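None of the figures in this text is laboratory data; all of them are computed from the coordinates on show. Please read all numbers here as calculations on a predicted model, not as lab measurements. Neighbour counts are summed over all protein chains in view; Cβ atoms, including those assigned to glycine, are modelled from backbone coordinates with ideal geometry.
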Amino acid sequence: MIPGIVALIFLLIPLIALIAQTPWESFPKIISSPEALEALRLSLITSLAATGLAAVFGIPMAWLLAREALPFTGLLRALVIVPLLLPPVVSGVALLEALGRRGLVGGFLYDNFGITFPFTTVGVVIATTFVAMPFLIITLEGGFRSLHQRYEDAAATLGASHKRIFFRVTMPMVAPAAIAGLVLCWARALGEFGATITFAGNFPGVTQTMPLAIYTALESDRSVAIALSLVLLVVSVGVLVALRGRYLQTRAS
Amino acid sequence: MKIIANCTASRGDFTLDIDTTITAGTVTAVLGPNGSGKSTLLRTLAGLQGIDSGEIHFGDRLVNAAPSIHVSPQERSVGVVFQDYALFPHLSVEQNIAFGPRSMGASKKEAQTQSRAQMNSLGIIELANRKPGQISGGQGQRVALARALATKPDVLLLDEPLAALDAQTRESVRSELDRQIKAFAGCVVFVTHDPLDAMLLADRVIVLENGVITQEGTPGELAARPATGYVATLMGVNLIRGNAHAGVLHVEGGGVLQIPNRTLEGEVLAVLRPEAITLHINEPVGSARNVWKGTVSGLAPMHDRIRVSVAASPPVVATITHASLADLKLTVGSPIWISAKTLSIEAFTK
């Protein structure tokens with residue numbers, strides 16, 4: 001029992017400290033400063049864009065994994081999880097090697113079309129998508145798996161096209177898992193730091209998202225860092241509340 | 001219309017190998033134990049699963065010809081009532097039934113009209129706005145049937161339509177289902193592991209065991225002349241296999257029985273009804289020419305009598321009244337004499 005309580009205190013104290021140290025008088029001024037608003041705006045845009053990309057590509061991927069429609073499903077699933085386990089800075093390096101100006105694919109794109117990703121806002125979106133998409137895929141794959149095939153079969157015998165089955169039967173039935181996956185993905189994207197700073201750099205207004213702004217502020221003005229951190233803490237708690245059906249219930253409903 | 005299916009299909013290690021014809025206007029039951037391939041057969045007919053060899057015709061339409069032709073479930077004109085019904089939980093009853101017509105291109109309004117017509121004919125109009133989670137099992141069955149019929153299919157397939165219901169609801173749902181499927185003009189095939197459903201609902205029964213058809217016939221034919229031990233057990237009769245010669249049956253596994261038909265020769269099956277068997281404590285002396293000895297191996301109460309299993313050559317099941325059980329004082333392990341009149345045995349070639 002004692003170690004459990006120690007764990008609880010260990011998890012709680014930093015959060016309490018953050019709230020306790022918040023400079024409440026200057027808080028409104030700090031978070032309404034142009035730098036902070038710019039970082040917040042950039043964070044919202046890039047995290048939502050990353051979530052959108054993850055939805056467009058990740059949802060079909062989750063379906064393919066769940067239905068074992070591709071060969072080597074086990075291997076593919078492991079590959080999808082890799083970015084989840086990889087240190088984000090390593091993901092950043094890997095992305096540089098793939099999409100950098102001299103990268104495997106990036107070199108081709110730059111030489112032929114002059115397209116370049118690193119140190120751009122698009123680069124931020126790419127880095128966060130890479131790191132956050134697995135959350136959506138893994139959560140949704142579970143949803144697809146627990147959906148019995150017979151509902152899709154029933155829809156097929158009723159004459160529904162594959163597209164209609166997917167949008168009218170499959171997706172509505174996995175909606176709770178889809179929403180949870182999207183929120184988790186978005187929360188992860190919003191907090192992304194390591195891959196972003198490695199792949200996209202830390203340029204205010206272009207690639208400096210909230211976590212990067214906090215890191216930068218820590219070296220100049222600690223109270224700004226704390227105030228910005230509190231904003232992200234509030235967002236995290238908001239996500240938790242939004243997902244309470246999934247994680248806060250003590251008993252199965 | 002007729003369904004002609006002569007094909008093999010596989011699922012994992014399991015192989016289904018069938019050759020049968022199903023005619024419109026008759027209700028066909030596919031009866032078999034668990035794992036016999038009943039559901040695979042249904043899925044194959046529905047187009048949810050492909051075939052490995054052979055062909056399936058729906059009337060003039062070739063819907064399957066291995067390996068190249070496979071008409072998708074969408075294009076087959078089949079209505080399927082799935083086991084546990086598979087109603088879409090996020091749609092109301094009315095939307096569930098309208099789903100098929102909508103998928104086939106009907107406007108929202110047309111689909112709603114068709115959905116309402118189906119609900120009226122099945123007496124479930126008052127459920128229109130409920131979700132599947134808010135209706136009973138019996139009602140769910142009717143909704144599933146209404147949904148399957150709403151697309152006006154040529155073939156109606158039902159997978160264990162009564163299995164999800166409790167005993168009380170079953171009776172009423174069965175008679176309702178009987179009315180509905182008898183009124184259906186196309187081919188009706190339903191899968192069941194319950195012989196009672198097959199007897200009461202079907203005009204014709206296909207018995208499936210280990211992926212092959214072991215017997216086809218009317219319920220009466222199955223009861224009179226079961227072709228396998230499985231069917232005999234289902235029908236509650238003793239099926240004895242052996243070699244006949246001059247009115248004597250040499251039973252496979254030991255024992256000899258007198259049979260009425262003296263012209264039968266070679267491999268035959270003989271049916272001996274449990275109620276035609278008499279059990280005795282002492283060796284009986286009388287007109288019965290078949291008398292043999294055994295040991296009671298099991299006692300099972302049925303509604304108004306007792307089923308007694310006897311280990312003997314051949315082994316048999318007999319039914320006796322509670323009064324006889326008390327008189328004979330039978331327990332498992334009791335030695336017992338069995339007698340059966342020659343005329344009570346019906347022997348036939350396979």
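Annotations for the structure displayed:
- Spacing of the two label points (7 Å from each Cα toward its C-beta) at A:ARG145 and A:ILE13, in nm: 3.8 nm
- Relative contact order [Cα under 8 Å, 6+ residues apart], chain A, whole percent: 29 percent
- With Rh defined as the Kirkwood radius, the inverse of the mean 1/r over Cα pairs, the Rg/Rh of chain A is 1.03.
- Simple rule: put +1 on each Lys or Arg Cβ and -1 on each Asp or Glu Cβ in segment B:40-136, find the dipole, and look at B:PRO67, B:GLY50, B:SER92; the Cα lying farthest toward the positive end is B:SER92.
- In a reduced charge model with +1 at each Lys and Arg Cβ and -1 at each Asp and Glu Cβ, chain B shows a dipole moment near 580 debye about its Cα centre.
- Taking Cα centre as origin and charging only the Cβ of basic (Lys, Arg, +1) and acidic (Asp, Glu, -1) residues, the dipole magnitude of segment B:110-228 rounds to 460 debye.
- For the residues of B:66-72, the average number of beta carbons from a partner chain within 10 Å of their own beta carbon is 1.
- FRET efficiency for the B:LYS182 to B:ASP60 pair, using the beta carbon distance and R₀ = 22 Å, is estimated at 0.30.
- For the pair B:ASP52 and B:ARG130 in one chain, pulling the backbone fully straight at 0.36 nm per residue adds 23.9 nm over the alpha carbon distance.
- Averaged over B:94-102, number of beta-carbon atoms from partner chains that fall within 10 Å: 3
- Where labels lie 7 Å past Cα in the beta-carbon direction, separation of B:SER172 and B:ASP84 in nm: 2.5 nm
- Sorted by Cβ density within 10 Å, fewest first, the residues A:ILE45, A:ILE179, B:ILE97: A:ILE45, A:ILE179, B:ILE97
- Most mobile of B:ALA232, B:ALA183, B:ALA128 in a GNM of chain B (Cα contacts under 10 Å): B:ALA183
- Hypothetical label at A:PHE167: residues of segment B:96-123 whose amide nitrogen lies under 20 Å (7 Å Cα-Cβ projection): B:96-112
- Separation in nanometres of the label points that stand 7 Å from Cα toward Cβ, at B:VAL212 and B:ARG11: 2.0 nm
- Among B:THR228, B:GLN139, B:THR342 - extreme Cα towards positive end, dipole of chain B, charges at beta-carbon: B:GLN139
- Pairwise FRET efficiency - B:ASN120 versus B:THR295, Cβ, R0 = 51 Å, nearest 0.05: 0.25
- Across the options A:GLY92, A:PHE119, A:GLY4, the greatest Cα extent toward the positive end of the charge dipole of chain A (unit charges at beta carbon of Lys, Arg, Asp, Glu) belongs to A:GLY4.
- Separation of segment A:44-76 and segment B:199-239, taken as the distance between their Cα centroids, equals 50 angstrom.
- Cross-link pairs beyond the 24 Å C-alpha cut-off, checked among B:LYS2/B:LYS182; B:LYS2/B:LYS152; B:LYS2/B:LYS109; B:LYS131/B:LYS182: B:LYS2/B:LYS109; B:LYS131/B:LYS182
- Springs join every pair of Cα atoms under 10 Å in this Gaussian network model of chain B, and among B:VAL316, B:VAL188, B:VAL237 the largest mean-square fluctuation is at B:VAL316.
- Cβ-based net charge around B:HIS280, under 15 Å, with every Lys or Arg adding one and every Asp or Glu removing one: +2
- Annotation: the residues A:ILE2, B:ILE277, sorted from fewest to most other C-beta atoms within 10 Å of their own C-beta, follow the order A:ILE2, B:ILE277.
- Most fluctuating residue given options B:HIS303, B:HIS57, B:HIS250, as computed from a GNM of chain B linking Cα atoms under 10 Å: B:HIS303
- Exposed-site-free run, longest, chain A (rule: trypsin sites (Lys or Arg not before Pro); DSSP loop; at most 16 other C-beta within 10 Å): A:103-250
- Proximal aspartates and glutamates to B:LYS293, defined as alpha-carbon separation beneath 12 angstrom and excluding residues fewer than eight positions away on the same chain: B:GLU283
- For segment A:103-253, the dipole from Cβ point charges (+1 on Lys and Arg, -1 on Asp and Glu) about the Cα centre works out to 700 debye, to the nearest 20.
- Expressed in Å, the radius of gyration and Dmax of the Cα atoms of the protein assembly as shown are 35.1, 114.
- Take the Cβ atoms of A:ARG41 and B:THR349, set R0 to 51 Å, and the FRET efficiency comes out at 0.05.
- Pairs of Cα atoms in segment B:180-291 fall into 10 Å distance bins, from 0 up to the last occupied one, in shares of 12, 34, 29, 16, 7, 1 percent.
- Listing A:ASP153, B:ASP194, B:ASP13 from fewest to most neighbouring C-beta atoms within 10 Å gives B:ASP13, B:ASP194, A:ASP153.
- 10 Å Cβ neighbours from other chains, averaged over peptide B:77-88: 4
- Subtracting the Cα-Cα distance of A:ALA175 and A:SER220 from 0.36 nm times their residue separation leaves 11.8 nm of extension gain.
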